[in-house]
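Engineer: Got a structure for you, questions after.
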Amino acid sequence: MIDTTNLNDLIGADVYGSDDHKIGSVGQVYVDSEAQTPTWVTIKTGLFGTSETFAPLDDASFDGNQVRVAYTKDKVKDAPRISSDGTISHEEEDALYAYYGNGAPTTASDAPLYDQDANRGGTTPDTRESTEGYDVTNPTTDDAMTRSEEQLHVGTEKVETGRARLRKHIVTEQVTKTVPVSHEEVTVTREPITDANIGDAMADGDLTSEEHEVVLTGERVVTSKETVPVERVSLGTETVTEQQQVTEDVSHEEIELVDPDTDNRPSK
C-alpha cells in the first residue's frame, strides 16, 4: 500500500507495468489536497528521463525498491501529456481519468486538486488560507523545507559502429624478364692446300658431286610458375579514446523568503 508515510522513498524508484515491463522511474508524487493521500505519480521516460507521463496510484504497490502500477507499459506511455508543474487542473484530471477509465472524483472546489510532490515542498495556489509554522503542502513533514536538485550522470555503452572484413581476390599482371638465349650458326672455313693436307685433298680422286650436312642447335625460352606464400594478413582492433561534450538541462530548486508585508494572500 502506498500512503504518505513512504512518499520520499518513491522518488527515483523504478516503475513497472502490469506486463512486467519497466516503464521508467518516479519523478513526482501528487497528493490529494483535501484527503492528503497520494493519487498520481509521474514517470520519467526517454533517454535521459526528459519526458514525464502520469499514472494513477490506484491499485499500485511499492515493495521498497520498485513501484508496480495496474496498467501496461504501452498504456502508461500513451497517456495524455500534462505539464508536471506541481498542480493538476480539473480539466487535466478529467482527461487522465477518462483515459485510464477508473472514474473521476467529485469536489466542489475550483482550485487544482493536487499539490507539488511531497519530496520537494512546493506551495499550493493562493486560494487557501495562510498557514505559518509548518509545511502546508504535506502535514507529515517537519518545520523545514528540503531543497533538491537534479544531478547529471554520464556514462558510456558499447555499440556497433561498423564492420571490417578481409577479402582475397586474384589480380593478373604482366611480368617482363630478359633471358639470354644461345643458338648455333653455320660458318665456312677455307684452307689453302699445303704439304700437310694435300693427302686428304687428293683422297677423293676425280671430280665428284657431294653434300655435307651439319645439325644446328639453339636454346628456347621455357617458362613455369609456382605459388609461394609472401605474407600473412589478419584483422585486429585497437581502442582510440576521444573527448566528447554532453550538454543537458539540469534543474534545481531554490527557496526564497516570502515577506509577509508584501504577501497578497488573504488573511484569516
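Engineer: More than 24 Å apart: what percent of Cα pairs in the stretch 155-268 qualify?
Structural biologist: The share of Cα pairs beyond 24 Å in the stretch 155-268 comes to 77 percent.
Engineer: Suppose the chain between Gln36 and Arg68 were pulled fully straight at 0.36 nm per residue; how much longer would it get relative to their current alpha carbon spacing?
Structural biologist: Going from the current span to full extension adds 9.4 nm.
Engineer: Please identify the chymotrypsin sites (Phe, Trp or Tyr not before Pro) of the stretch 4-61 that satisfy two criteria: DSSP loop assignment and at most 16 other Cβ atoms within 10 Å. Which are they?
Structural biologist: Those satisfying the criteria are Phe48.
Engineer: Could you list Ile23, Ile170 in order of exposure, starting from the residue whose Cβ has the fewest other Cβ atoms within 10 Å?
Structural biologist: In increasing order of surrounding Cβ atoms, one gets Ile170, Ile23.
Engineer: Efficiency by 1/(1 + (r/R0)^6): what FRET value for Lys168 and Gln245, r their Cβ-Cβ distance, R0 = 41 Å, to the nearest 0.05?
Structural biologist: 0.45
Engineer: Give the shape of the stretch 4-100 as rounded, prolate or oblate, defined through the alpha-carbon gyration tensor: a ≥ b ≥ c are the square roots of its eigenvalues, a/c under 1.5 means rounded, and otherwise the shape is prolate if a/b is larger than b/c and oblate if not.
Structural biologist: Cα axes put the stretch 4-100 in the rounded bin.
Engineer: Please arrange Tyr71, Tyr100 by how many other C-beta atoms lie within 10 Å of their C-beta, fewest to most.
Structural biologist: Tyr100, Tyr71
Engineer: For Lys22 and Val233, what is the calculated FRET efficiency with R₀ set at 51 Å and r taken between the beta-carbons, to the nearest 0.05?
Structural biologist: Computed FRET efficiency for Lys22 and Val233 comes out at 0.65.
Engineer: Continuing with this model, one more query. Quick one: compute the contact order of the stretch 4-100, relative version, from alpha carbon pairs under 8 angstrom and 6+ residues apart, as a percent.
Structural biologist: It comes to 26 percent, rounded to a whole number.
Engineer: Now for a different question. Which lysines have a Cα less than 24 Å from the Cα of Lys77, not counting those fewer than 8 places away in the same chain?
Structural biologist: Lys22, Lys44
Engineer: A further question on this structure: Under a 5 Å amide H to amide H cut-off, with H placed in plane at 1.01 Å, what residues pair with Tyr16 once short-range neighbours are removed?
Structural biologist: Ile23, Val67, Arg68, Val69
Engineer: Could you give the length gained on full extension between Gln151 and Ile255, defined as 0.36 nm per residue of separation minus the Cα-Cα distance, in nm?
Structural biologist: Gain on extension, Gln151 to Ile255, equals 35.6 nm.
Engineer: Separation between the His183 and Glu226 pseudo-spin-labels, each 7 Å from Cα along Cα→Cβ, expressed in nm?
Structural biologist: Taking the two extended label points, one gets 3.0 nm.
Engineer: Would you calculate the separation in nanometres between label points at Asp9 and Ala144, each defined as 7 Å from the Cα along the Cα-to-beta-carbon direction?
Structural biologist: 2.3 nm
Only the coordinates and a few stated rules stand behind these numbers; no lab work does. Keep in mind that what you see is a predicted model, and the values were worked out from it rather than measured. Cβ sites come from the backbone with ideal geometry, for glycine too, and all protein chains shown count toward neighbours.
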